[in-house]
Amino acid sequence: MDELLKKRLITFLTILCVIACCGGVPKVEARVRRYKWEVKYEMKSPDCYKKLAITINGRSPGPSIVARVGDTIVVELKNSLFTENVAIHWHGIRQIGTPWMDGTEGVTQCPILPADTFVYKFVVDRPGTYMYHAHYGMQREDGLYGSIRVLVNEGESEPFQYDYDRSIILNDWYHKSSQQQSFGLSSIPFVWVGEPQSILIQGRGKFDCSTPDTTLALCNASNPECAPYTMTVVPGNTYRLRIGSLTALSALSFEIEGHNMTVVEADGHYVEPFIVKNLFIYSGETYSVLVTADQDPSRNYWVSAKIVSRNSNTTNGLAILNYYPNHPRRDPPTTPPVGPHWDDRPPRLAQSASIKARRGFIHPPPQKSDRTIVMLNTQNSVGGYRRWSINNVSFNMPHTPYLIAYKHNLLDTFDQHPLPDGYDSAAYNISAVQPNPNATTSNAAYRLKFNTTVDIILQNANTMNPNNSETHPWHLHGHDFWVLGHGVGKFDATKDTVSFNLVDPIMKNTVVVHPFGWTALRFQADNPGVWAFHCHIESHFFMGMGVVFEEGVERVGELPSSIMGCGHTKGFYKP
């Protein structure tokens, strides 16, 4: 017998022996999943209008990351933009033990300079639906984003069943670049970004090329690049649809014509199942819904995403649910769903209140907190510039990232004055334009005592426009938090804390605060590092709607020099 054949036979028999003796296949160890990405400019027409987009390996959305619990993700990222810096945030990944890999420029790292390569390396420690996106300026809305899907380990099961697993990212799309928009936001007079030109479903939308003032040479309605996204289903099967929103501005209502959706997961946590026709989803949120292909199989169906909470004239985003074997490009015979009215608020409040942790998967919250921070969200003026503020303080990012500054004792690089834990609630009328809208700016951080429990009360108020309060989705880096409750009007600590859900609250990393309302959340400051907490609307964070939390930095290990090289850390970088 050939020697090579002998070795292969021995190996095969050894595997059979292991299976027979151990009662099955040996447990698969966690693996390292490597990705090589190049961030670069590409001319793209995702909604039929050609513009400069930021892509990964030529794609937007970028490549999906699919891994199992415990796997190590290694992304070698080359910045080929040449005129812009880059940083990528791994949205929903808590970065336990690797706070320097959070990808938040100015907070956890210096930006990746043009022509430089940076290696992100971190562990995905729990199953769920997550995303990644740019976290430098307002760059996310130029197309730099993608999905992360973390599966349970082989041999483990989830508390619901499905036949196939799909991911979809929703986005709004502007024809102006993020640089043009950020210039307008930081100018006098103030220039608002306006409503998006289209809504993209998995990177595809449709802009009406006959819109006045459209440059016809840049718009081609028959471009295959903007053909509707199609999801093919087999009749009778159930699909897990992982839906994430990375809109720059818009709150959305997502629906599939003629089909109910059963919500089973939110931001990586199992939800006590509930059925919806319209799923309200805010920027930074992810949901898993189960959809069964149980309708008339002789036709296709519309998938629609509509802007809510803003009086927008943007056309609904449309995709096609394709029942096999119908042609995937065959339009449904019906008119697309109109969706709920933009200012129909009660259903949105009802969905927020209905999300509970799934029985058997409840993580009980601490029954009381050690510190409460009430954050009044307002629109203000600073030196004639339009800004957003928290407790009358508008956030500015320092030139030296907080994590490095704290770890290397560079505390002179940002303001050391403590930020307020609240505002004068008795005197403030949240329903009126304030007579004095002026605010101050600061780059100070909240310092949290390690391993303590913190309550955050997000209080919404009127903007600088009469009878107007906006929807704000808030995202916390490095943590999940318990959503204790939502309310309408001004938060009252005496009566509203009594209604907190301390039994089965859902845990999330992003939560909405509704117009003229409040949202209460609780988290444990148990992840050493420095973490951003901010409104996930690009223009709002750019205009100062965010804060930073420091906790247990003395417990953080040695920082890699690759995150350094800006501000006061210019001499720290070692190639």
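The values are calculated or read from the model by the stated rules, or taken from the named source; none is laboratory data. These numbers were taken from a predicted model, which means no experiment stands behind them. Note that each Cβ is placed from the backbone with ideal geometry, even for glycine, and that neighbours are counted across all protein chains shown. Accessible surface is based on the protein model in full, side chains and every heavy atom, while ligands, DNA and RNA are left aside. Shrake-Rupley method; radii C 1.70, N 1.55, O 1.52, S 1.80 Å.
A few comments on the model shown:
- For segment 498-575, the solvent-accessible area of protein heavy atoms averages 32 Å² per residue (probe radius 1.4 Å; ligands and nucleic acids excluded).
- Per residue, the chain reaches -2500 deg cm²/dmol at 222 nm when only DSSP H runs of four or more residues are counted, each adding -39500 (n - 2.57).
- Rg to Rh, two decimals, where segment 488-535 supplies the alpha carbon set and Rh follows Kirkwood: 0.99
- Average projection area in nm² (convex hull over Cα atoms of segment 437-510, one quarter of hull surface): 7.2 nm²
- Summary of the geometry: segment 288-361 and segment 179-237, compared by the centres of their Cα atoms, lie 19 Å apart.
- The calculated pair-distance distribution of segment 482-575 uses every alpha carbon pair, bins of 10 angstrom beginning at 0, and gives 13, 29, 32, 15, 10, 1 percent.
- Derived scalar couplings ³J(HN,Hα) [segment 52-60; Karplus, 6.51 cos²θ - 1.76 cosθ + 1.60; whole Hz; x for Gly, Pro]: 6, 10, 9, 10, 10, 6, x, 10, 8
- Over segment 82-127, the hull volume per residue, using the convex hull of the C-alpha atoms, is 75 Å³.
- By accessible area, using a 1.4 Å probe on protein heavy atoms only, the chain has 53% of its surface on carbon and sulfur.
- Against the criterion of solvent-accessible heavy-atom surface with a 1.4 angstrom probe, Asp504, Asp424 sort, most first, into Asp424, Asp504.
- Every pair of different Cα atoms in segment 25-99 enters the Kirkwood calculation, which places the hydrodynamic radius at 14.8 Å.
- Of all complete DSSP H helices in the chain, those with a Cα span along the helix axis of 18 Å or greater and a mean Kyte-Doolittle hydropathy of 0.5 or more are 3-22.
- When only alpha carbons are used to place a centre, segment 27-60 and segment 100-171 end up 12 Å from one another.
- Net charge of neighbours whose Cβ lies under 14 Å from the Cβ of Pro127, counting Lys and Arg as +1 and Asp and Glu as -1: -2
- Annotation: segment 204-356 has a Kirkwood hydrodynamic radius of 16.7 angstrom, from the mean reciprocal C-alpha pair distance.
- Sum of side-chain charges, Val150 neighbourhood, beta-carbon under 10 Å (Lys, Arg +1; Asp, Glu -1): +1
- Radius 12 Å from Cβ of Ala426, net charge of other residues (Lys, Arg +1; Asp, Glu -1): -1
- More than 16 angstrom apart: percent of Cα pairs within segment 363-448: 62 percent
- Out-of-range pairs (alpha-carbon distance over 31 Å; input Lys78/Lys570; Lys78/Lys449; Lys277/Lys368; Lys36/Lys356; Lys50/Lys508; Lys121/Lys368): Lys78/Lys449; Lys277/Lys368; Lys36/Lys356; Lys50/Lys508; Lys121/Lys368
- Computed over the chain: relative contact order in percent, which uses C-alpha pairs under 8 Å that are six or more apart: 14 percent
- Surface per residue (accessible, 1.4 Å probe) for segment 285-325, Å²: 35 Å²
- Global dimensions of segment 17-155 from alpha-carbon coordinates: Rg and Dmax equal 17.4, 62 Å.
- In order along segment 444-454, the Karplus-derived 3J(HN,Hα) couplings, from 6.51 cos²θ - 1.76 cosθ + 1.60 at θ = phi - 60°, round to 5, 10, 7, 9, 9, 5, 4, 6, 9, 9, 10 Hz, and Gly and Pro are given as x.
- Kirkwood hydrodynamic radius over Cα pairs of segment 195-275, then Stokes diffusion coefficient at 10 °C and 1.306 mPa s, in µm²/s: 100 µm²/s
- Note on segment 120-247: Cα-only Rg and Dmax are 18.9, 60 Å.
- Per residue, the Cα convex hull of segment 274-336 amounts to 126 Å³.
- Taking N as its residue count, the alpha carbon Rg of segment 373-518 over 2.2 N^0.38 Å: 1.12
- Calculated on alpha-carbon atoms, Rg and Dmax of segment 61-105 in Å: 12.2, 37
- Looking at segment 492-553, none of the trypsin sites (Lys or Arg not before Pro) sits in a DSSP loop with at most 14 other Cβ atoms within 10 Å of its own Cβ.
- Kirkwood-type radius of segment 319-394, with distances r between different C-alpha atoms, in Å: 19.1 Å
- Options [x] 73, 59, 50; [y] 84, 51, 51; [z] 89, 59, 53 - which one matches Cα extents along the principal axes in Å as calculated here: [z]
- Long-range HN-HN contacts of Tyr136 with modeled amide H, under 5 Å: Ala87
- Proximity of backbone amide H atoms, modeled 1.01 Å from N, is registered between Thr72 and Arg31, Val32, Arg33 at under 5 Å, excluding neighbours fewer than 5 places apart on the same chain.
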